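For reference, the structure discussed in these notes is given below.
The values are calculated or read from the model by the stated rules, or taken from the named source; none is laboratory data. Computed from a prediction, not measured in an experiment: that's the story for all the values here. Virtual Cβ from ideal backbone geometry, glycine too; neighbours counted across all protein chains shown. Each accessible area value is taken on the protein alone, full model and side chains, heavy atoms only, with ligands, DNA and RNA left out. Shrake-Rupley method; radii C 1.70, N 1.55, O 1.52, S 1.80 Å.
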Amino acid sequence: MSDTCIFCKIVSQEAKATIVYQDEQVTAFRDLHPVAPTHILIVPNKHIDSVGTLEPEDEQIIGHIFTVARKLAEDEGIVKGGFRMITNTGPHGGQTVFHLHVHLIGGQRMRFPMG
Ligand code: 5GP
Ligand code: ZN
């Protein structure tokens, strides 16, 4: 837990967010500024800055994030239509919150191109 990290505070429920799923490993909550009808952020409960600082021991939790994403996509009714998952990393990746997170975005057709 980092004292200054907003996502750590959301995980510990010190800061407010609309949490849609939580277990001992991950927390999922609605993005403050949604870009589509479904826009959920899935984060590890433990603080990891970004994919740039991932350790081999984090592999299981990253897999779990994808399993939770599929469950949430089902809950949101967006599996059939499809959805997009994005993880921005570092300045060139456009990361603004330095607690690793996966955006789960859907409910409308995504726009291309990326990058
Ligand atoms: P990034 O740009 O790092 O990939 O994504 C950060 C995301 O976090 C943005 O989409 C932004 O809207 C969202 N965000 C930033 N601060 C908060 C907050 O305090 N609460 C919630 N729910 N989302 C936040
Ligand atoms: Zn954090």
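Any idea what angle helix 59-76 forms with the longest principal axis of the chain, computed on alpha-carbon atoms, 0 to 90 degrees, nearest 10? Once rounded, the angle reads 40 degrees. Under the simplified labelling scheme, the ILE61-ARG30 pair shows an inter-label distance of 2.6 nm, with each label point 7 Å from Cα along Cα→Cβ. Sum up the charges of everything whose Cβ sits under 12 Å from the Cβ of THR18, counting Lys and Arg as +1 and Asp and Glu as -1, but leave THR18 out. Around THR18, the charge tally is +1. Can you pull the percent of the chain's accessible area that's carbon plus sulfur, 1.4 Å probe, other chains left in place? The value for the chain is 54 percent carbon and sulfur by accessible area.
Among the GluC sites (Glu not before Pro) in the range 24-69, those located in a DSSP loop and surrounded by at most 16 other Cβ atoms within 10 Å of their own Cβ are GLU24.
Per residue, the chain exposes an accessible area of 61 Å² to a 1.4 Å probe, with every protein chain left in place. For the chain, the relative contact order works out to 29 percent when only alpha carbon pairs closer than 8 Å and six or more residues apart are counted. At the residue level, LEU41 shows approximately 10 square angstrom of accessible surface with a 1.4 angstrom probe and all protein chains present. Exposure here means at most 15 other Cβ atoms within 10 Å; with trypsin sites (Lys or Arg not before Pro) in a DSSP loop as sites, the longest stretch of the chain lacking them is 47-79. Here each label is just a point 7 Å from Cα along the line to Cβ, and for GLN22 and THR89 those points are 2.8 nm apart. Remark: C-alpha extents of the chain on the principal axes read 37, 30, 27 Å, sorted largest to smallest.
Calculated from DSSP H runs of 4 or more alone, at -39500 (n - 2.57) each and per residue, what is the 222 nm mean residue ellipticity of the chain, nearest 500? Computed mean residue ellipticity for the chain: -7000 deg cm²/dmol. Residue-wise HN-Hα couplings along the range 105-115, as the Karplus relation 6.51 cos²θ - 1.76 cosθ + 1.60 with θ = phi - 60° gives them from phi, are 10, x, x, 7, 5, 6, 9, 10, x, 8, x Hz; Gly and Pro carry x.
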